[in-house]
Amino acid sequence: SSSRAPRYTRPVAMCCGAREDDDDDSANPGPDINRKCTDLFCLPVLVIFILWPLSVIACLKDVDGAYALSHGHDHYGRFCGLNHLEEKQYVFYPDLQNDFKQDPSLLNRYGVCVEKCPEQFETVEDYQDVKGGSASNIKGGQPMRHPEDPTWLSDLPTFPLAGRCIPYDPPPTFSAGAEFCADPPCLMTEDRKTSLPTNPREVCGLQKDGTSRFWLVSKADDILLDGWRREHVTEQVIKAAEDLDRGKEPCKIKVLRDTRVRTESVDASLIYSLLTKCTGYVFTGSAQVYNNKGIVLGLGVGGSMLLSFVIIMGFAFCVQCILNVLMTCLFLVLICADYVLFLQAGLVTGRKGRMILNFFEKASQMDVPKEFNSLLEKQVNSQEWESIYKWCAIGLAIGIVLLLCAAIAMRKNFRILVALLKEASNTMREMPSLLLTPFILSCSMVGVSIVLLWVALTISTARAADVPNALEAWRSHVYPALDGLGLHQDPLQQMRQSALVFNLFVFLFSYYMHVGMCISITAMCVSHWYFYRDDPDRNAGTGVHSDGWFFGRPVLLALLRICRHHVGSIVFGSCIMAVATFLRIIFEYIAQKTKDVQETNPLVRMIFCLCRCSLWCLEKVLQFITEYAYVYVAVTGKPFCSAARSSFVFFAKYPVQTALDKMASTALGCLLCITVPTGLAVAAYFCGLKDAWPVCAVVILGLAYVTTRLAAGIYDVCITTLFVCVMRDCEHYGGRYMSKSLKSACGFAELARESLARQSNIELQDTSFDS
C-alpha cells in the first residue's frame with residue numbers, strides 16, 4: 001500500500017517551552033525517531049523527592065521512632081534488642097489483662113524484654129533497671145509491678161511479630177476418642193451388663209454421656225472402659241466387647257466422641273478475650289498458609305499469571321464471541337428491567353414472564369429464587385406511582401432502541417475494536433516479559449512505602465533536641481509567616497505536621513511515578529513492535545522472532561529509552577496526579593472537621609457533595625488524559641504538555657472508538673478478575689489442603705486478584721497503545737504497518753483491491769488501444 005505524502009505544518013511553540021517538530025516523517029513513523037530529552041525542568045523535583053527520605057534517614061537515624069517498627073520497649077521505656085538489651089530482642093506483655101482495664105488503647109502497656117517469645121505456661125523473669133535509675137527518669141517508663149515476685153507466667157502461647165510477642169488463644173486440643181455408629185442403631189440387650197455380646201451392634205456406649213444409643217466402631221479408649229466399669233458392666237462383658245471383630249458390620253452415619261482441652265483466663269476482660277481470639281484466628285490461619293505456602297504462592301501468583309496469560313492469548317480467537325455474549329446479556333438485562341417497569345405500571349400482566357421462568361425451571365432443573373417471582377407481581381396500586389413507572393418504562397424502551405441503533409451504526413468501530421483486541425493478544429504473545437513489568441514495579445513501590453512509613457514514624461517521634469538546626473531555621477523563616485496568617489501553634493508541632501504532609505505528598509508522587517513508568521514502558525515496547533517488527537534493521541527487542549531476542553529484552557530496551565529521554569515527562573504527569581489526589585485528601589479532611597456543620601445545614605452539605613463529586617471527576621479526567629499522554633510520549637517522543645494536547649485532539653477525532661476501547665478493556669478486565677481467582681480457589685480444593693482450604697482459598701483469591709488485575713492493566717495499555725499507533729498509521733502512512741486483520745477492519749484491504757482493480761482496467765485499456 002502507498003503512503004500519503006507528509007504534510008507540512010509550521011512549528012508551534014509548546015507550553016513547556018520547547019518546539020514541536022512535524023511528526024509526519026514517513027522515515028520515522030514510530031518510537032525509533034531522533035528523540036530529545038523532554039521536560040528537563042521537572043528533574044529537580046524528582047531529585048528533591050529522592051533526597052527527602054535519604055536526608056531524614058541520615059539526620060534522624062538515632063531517633064526512637066526509627067526503631068518503633070521493628071523493636072518494642074519494656075516497662076522502663078527502653079527498646080528491646082538495643083544497647084545493653086541487645087540479646088533480648090523481643091518484648092513480652094505479661095499483664096495485658098490489667099493493661100486493658102487501665103487503658104483500653106494500650107498506650108501505656110507493661111513489657112518485659114525476652115530472648116525468645118515464651119510458650120504457653122512458661123515463666124518469664126522481670127528485672128530491675130540495670131543502670132540503677134528509676135522509671136520516672138525515662139519518659140513513659142513504669143517501675144516493676146511485683147518486685148517481691150518478679151516471675152510472670154505466660155498463660156497463653158505467643159508468636160513474634162515486629163519484635164513483639166503477640167498472645168493468641170490457641171484452638172482446643174483434642175485427645176484420641178472413640179468412634180460410634182448411629183445408623184444402623186445399637187441393639188440394646190435387656191441385660192447388657194452381664195450378657196456377652198455376639199454382634200458388634202450390641203456393644204453400645206455410655207448412658208452418662210448419651211452414647212448408649214450408638215454402637216462402638218473403633219477400639220474402646222480408657223474413658224469408655226472406665227465408664228463401663230462405673231456403670232457396673234462385668235469384666236467378662238468388657239473383654240468380649242474388645243475381642244469382637246467390628247470390620248464386617250457396615251455403618252452409614254458415624255459419631256465421634258473425644259475430649260477437648262483448652263485454657264481460659266479467670267479475670268480476663270472482654271476486650272482482652274476478643275483480642276486473643278482474633279490473634280488466635282490470625283495465627284492459626286497464618287500457620288495454615290505458611291505450611292501450604294507452595295500451593296498458595298504457586299496458585300495465587302504463578303497460576304494466576306499463567307492462567308491470565310493463557311486467557312489473554314485466547315482472546316485472539318474468541319474475543320468477538322465474548323463481546324457478542326456480553327452485548328447480548330446487556331440487552332437481555334435491559335429488556336427484563338423494562339418488562340418489570342411495564343408490569344409495575346399495569347401495562348402488562350406478567351403472564352409471559354412467569355411462563356419463561358417456569359420453562360427455565362423445567363429445562364435447568366433449578367429452583368428460581370423467590371425474588372424473581374416477586375418482581376413479576378405488581379407492588380404498587382396508586383395511580384401516581386403507576387404513572388412514574390409508565391414513563392420510566394417508556395424512556396427505557398426508547399433508550400434500548402437507541403442503543404440498538406447505535407450498535408448497528410457502530411459496526412465498523414466494533415470490527416476495529418475486535419481487531420485491536422486480537423492484535424493486543426498477539427503483542428503480548430510476542431513479548432511475554434511485559435507481564436513482569438507491573439510486578440517488578442509493585443515490589444519497588446512496596447519498598448518505597450516501607451521507607452516512607454519509617455520516615456513518618458521517625459518524624460512523629462522526633463524531639464526538639466534531635467533537630468535543633470532545622471527547628472531554629474523554622475522559627476526564623478517560616479514560623480513568623482504562619483503566625484501572621486493566624487496559625488498559632490508550637491513551632492516543633494508545626495514543623496512536624498508540615499513534614500508529615502510533605503511525606504504524604506511524596507508517597508502519592510511515588511505511586512503515580514511507578515504507574516507512569518509501567519504505562520510508558522509498555523507503550524514503548526508495543527509501539528516499537530508495531531512499527532518495526534518487520535524491519536530487519538530496527539526490530540531489536542520487538543518480539544520472540546527478532547534477532548538477539550532473550551526474555552526481558554523488550555522491557556529493558558524500553559526502560560533505557562524512557563530513563564534516557566522521558567523521565568521528566570513522567571515526573572510532570574506524576575506531579576499533576578499527585579496534586580489532584582492531594583486536593584481530594586485535603587477536602588476530605590476539611591469535610592471531616594466540618595461534619596457537625598454539614599449535619600445541621602443542608603445547603604453546606606449539598607455544597608460539599610458537589611465539591612466532592614467535582615474533585616473526583618477532575619481526578620478521573622486527569623488520570624485518563626495522563627495515561628494517553630504517557631502513550632503519546634512513548635510513541636512520538638513529545639513532551640508531556642504537547643502529548644496531552646495531542647491526546648485531546650485524538651479524543652475529538654475518535655470519540656466513539658475511544659469509548660468503545662475503554663469499555664471493552666474494562667469489561668474484559670473484570671471478566672479476568674472474576675474468573676481467574678475464582679477458578680484457582682476452586683482448584684485449590686483438590687490440592688489436598690483439607691481443613692486449611694478456607695483460609696488458603698481466601699489468600700489465593702487475594703493474590704490471584706492482584707496478579708490478574710496487573711495483567712489486565714498491561715493488556716489495557718497494550719490496547720490503548722495499539723489504538724494510537726493504528727490511528728497514527730491510518731492518518732500519516734496509509735496503514736503501511738498494519739497487520740492483515742487490522743487492514744481489513746479499517747477498510748484498507750478493500751481500498752487495495754479497488755486500487756488493484758482500477759490498475760488492471762487501465763492496463764487492459766492501454767493494451768486494447770495499442771492493438
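The values are calculated or read from the model by the stated rules, or taken from the named source; none is laboratory data. Model, not experiment: these values are computed from the prediction. Glycine also receives a Cβ, built like all others from the backbone with ideal geometry; neighbour counts cover every protein chain displayed. Just the protein is used for accessible areas: all its heavy atoms, side chains included, with ligands, DNA and RNA removed. Shrake-Rupley method; radii C 1.70, N 1.55, O 1.52, S 1.80 Å.
Working only within the stretch 332-348, note down all residues that are assigned to a helix (DSSP H, G or I), open to solvent by 40 Å² or more (accessible area, probe 1.4 Å) and not aliphatic (A, V, I, L, M).
Those that are assigned to a helix (DSSP H, G or I), open to solvent by 40 Å² or more (accessible area, probe 1.4 Å) and not aliphatic (A, V, I, L, M): Cys336, Tyr339, Phe342.
Would you check which residues across the stretch 574-599 are open to solvent by less than 40 Å² (accessible area, probe 1.4 Å) and either in contact with a strand residue (DSSP E or B) (Cβ under 8 Å, 6 or more places away or on another chain) or among the aliphatic types (A, V, I, L, M) (or both) and list them?
Met577, Ala578, Ala580, Ala591
For the stretch 532-552: of the residues being open to solvent by less than 50 Å² (accessible area, probe 1.4 Å) and within 30 Å of the chain's Cα centre (by Cα), which is farthest from Asn34 (Cα to Cα)?
Gly552
Could you list all residues from the stretch 356-397 that are open to solvent by 80 Å² or more (accessible area, probe 1.4 Å) and of a type in the set (Asp, Glu)?
Asp367, Glu371, Glu377, Glu384
Only one of Thr720, Thr666, Thr678 is under 30 Å from Tyr281 (Cα atoms), of a type in the set (S, T, N, Q) and assigned to a helix (DSSP H, G or I); which? I'd like the intermediate steps shown before the answer.
Details: Thr720 fails: under 30 Å from Tyr281 (Cα atoms); Thr666 fails: under 30 Å from Tyr281 (Cα atoms).
Sole residue among the options that is under 30 Å from Tyr281 (Cα atoms), of a type in the set (S, T, N, Q) and assigned to a helix (DSSP H, G or I): Thr678.
Kindly evaluate Pro104 against the criterion of being touching a residue at least 12 places away in the same chain (Cβ under 8 Å), open to solvent by 20 Å² or more (accessible area, probe 1.4 Å), part of a loop (DSSP other than H, G, I, E, B) and under 20 Å from Tyr168 (Cα atoms). Before you say what the answer is, go through the steps one by one.
Working: touching a residue at least 12 places away in the same chain (Cβ under 8 Å): yes; open to solvent by 20 Å² or more (accessible area, probe 1.4 Å): yes; part of a loop (DSSP other than H, G, I, E, B): yes; under 20 Å from Tyr168 (Cα atoms): yes.
Taking the combined requirement at face value, the residue satisfies it.
Which is crowded, with 22+ Cβ neighbours inside 10 Å and out of contact with any Lys or Arg (no Cβ under 6 Å at 6 or more places or on another chain), of Leu618, Leu668, Leu622, Leu660? Give the derivation first.
Details: Leu618 fails: crowded, with 22+ Cβ neighbours inside 10 Å; Leu622 fails: crowded, with 22+ Cβ neighbours inside 10 Å; Leu660 fails: crowded, with 22+ Cβ neighbours inside 10 Å.
The unique qualifying residue is Leu668.
Can you confirm whether Asp661 is among the charged types (D, E, K, R), assigned to a helix (DSSP H, G or I) and at pLDDT 90 or above?
Values: among the charged types (D, E, K, R): yes; assigned to a helix (DSSP H, G or I): yes; at pLDDT 90 or above: no.
Answer is no for this residue.
Take the residues in the stretch 227-274 that are open to solvent by 40 Å² or more (accessible area, probe 1.4 Å) and in contact with a Leu (Cβ under 8 Å, 6 or more places away or on another chain); name whichever of them is modelled with the highest pLDDT.
Once the filter is applied, the top-ranked residue is Gln236.
Find the residue count for the stretch 535-555, including only residues that are without any contact (Cβ under 8 Å) to a residue 24 or more places away in the chain and farther than 22 Å from Thr720 by Cβ.
Kept after step one, since they are without any contact (Cβ under 8 Å) to a residue 24 or more places away in the chain, are these residues of the stretch 535-555: 535-537, 539-541, 546-550.
Going one step further and asking which of them are farther than 22 Å from Thr720 by Cβ, we end up with 535-537, 539-540, 546-550.
Counting residues in the stretch 535-555 that are without any contact (Cβ under 8 Å) to a residue 24 or more places away in the chain and farther than 22 Å from Thr720 by Cβ gives 10.
For the stretch 492-503, does any single residue satisfy the condition of being part of a helix (DSSP H, G or I), within 23 Å of the chain's Cα centre (by Cα) and aromatic (Phe, Trp, Tyr)? Don't jump to the end; show me each part of the working.
We begin by selecting, within the stretch 492-503, every residue part of a helix (DSSP H, G or I); these are 492-503.
With the extra rule that they be within 23 Å of the chain's Cα centre (by Cα), the set shrinks to none.
Within the stretch 492-503, none of the residues are part of a helix (DSSP H, G or I), within 23 Å of the chain's Cα centre (by Cα) and aromatic (Phe, Trp, Tyr).
Considering only the stretch 593-623, how many residues are touching a helix residue (DSSP H, G or I) at 6+ places or on another chain (Cβ under 8 Å) and either more than 16 Å from Leu583 (Cα to Cα) or of a type in the set (A, V, I, L, M) (or both)? Spell out how you get there, then give the answer.
Of all residues in the stretch 593-623, those touching a helix residue (DSSP H, G or I) at 6+ places or on another chain (Cβ under 8 Å) come to 594, 597-599, 604-605, 608, 611-612, 615-616, 618-619, 622-623.
The next check asks that each one be either more than 16 Å from Leu583 (Cα to Cα) or of a type in the set (A, V, I, L, M) (or both); those that pass are 594, 597-599, 604-605, 615, 618, 622.
So the answer is 9.
Give the number of residues within the stretch 445-465 that are in a helix (DSSP H, G or I) and more than 16 Å from the chain's Cα centre (by Cα).
Applying the first criterion (in a helix (DSSP H, G or I)) to the stretch 445-465 yields 445-461.
Going one step further and asking which of them are more than 16 Å from the chain's Cα centre (by Cα), we end up with 447-448, 450-461.
Qualifying residue count for the region: 14.
Tell me which residues, restricted to the stretch 479-531, are of a type in the set (Phe, Trp, Tyr), open to solvent by 20 Å² or more (accessible area, probe 1.4 Å) and at pLDDT below 90. Explain how you work it out, then say what you get.
As a first pass, look at the stretch 479-531 and keep what is of a type in the set (Phe, Trp, Tyr): 479, 502, 505, 507, 509, 511-512, 529-531.
If we keep only those that are open to solvent by 20 Å² or more (accessible area, probe 1.4 Å) too, we end up with 479, 502, 505, 507, 511-512.
The answer is Tyr479, and nothing else.
What residue, of Leu224, Leu206, is at pLDDT 80 or above, touching a Leu at 6+ places or on another chain (Cβ under 9 Å) and not in a loop (DSSP other than H, G, I, E, B)?
Checking each option against the conditions leaves just Leu224.
Can you name every residue in the stretch 545-567 that is in a loop (DSSP other than H, G, I, E, B) and over 23 Å from Cys42 (Cα atoms)? So that I can check it myself, show each step before the final result.
Initial filter on the stretch 545-567 (in a loop (DSSP other than H, G, I, E, B)): 545-552, 566.
Of everything in the stretch 545-567, those that are in a loop (DSSP other than H, G, I, E, B) and over 23 Å from Cys42 (Cα atoms) turn out to be His545, Ser546, Asp547, Gly548, Trp549, Phe550, Phe551, Gly552.
Can you go through Arg605, Arg564 and tell me which one is under 26 Å from Ser527 (Cβ atoms) and open to solvent by 70 Å² or more (accessible area, probe 1.4 Å)? Talk me through it step by step, then tell me what you get.
Values: Arg605 fails: under 26 Å from Ser527 (Cβ atoms).
Answer to the check: Arg564.
Kindly establish whether Ser476 is modelled with pLDDT under 90, of a type in the set (S, T, N, Q), surrounded by fewer than 14 Cβ atoms within 10 Å (Cβ to Cβ) and part of a helix (DSSP H, G or I). Quick ask: steps written out before the conclusion?
Numbers: modelled with pLDDT under 90: yes; of a type in the set (S, T, N, Q): yes; surrounded by fewer than 14 Cβ atoms within 10 Å (Cβ to Cβ): yes; part of a helix (DSSP H, G or I): yes.
When the stated conditions are applied, Ser476 passes them.
Determine whether Ala393 is touching a residue at least 40 places away in the same chain (Cβ under 8 Å), touching a Phe, Trp or Tyr at 6+ places or on another chain (Cβ under 7 Å) and closer than 22 Å to Ile335 by Cβ.
Details: touching a residue at least 40 places away in the same chain (Cβ under 8 Å): yes; touching a Phe, Trp or Tyr at 6+ places or on another chain (Cβ under 7 Å): yes; closer than 22 Å to Ile335 by Cβ: yes.
Here the answer is yes, as Ala393 does meet what is asked.
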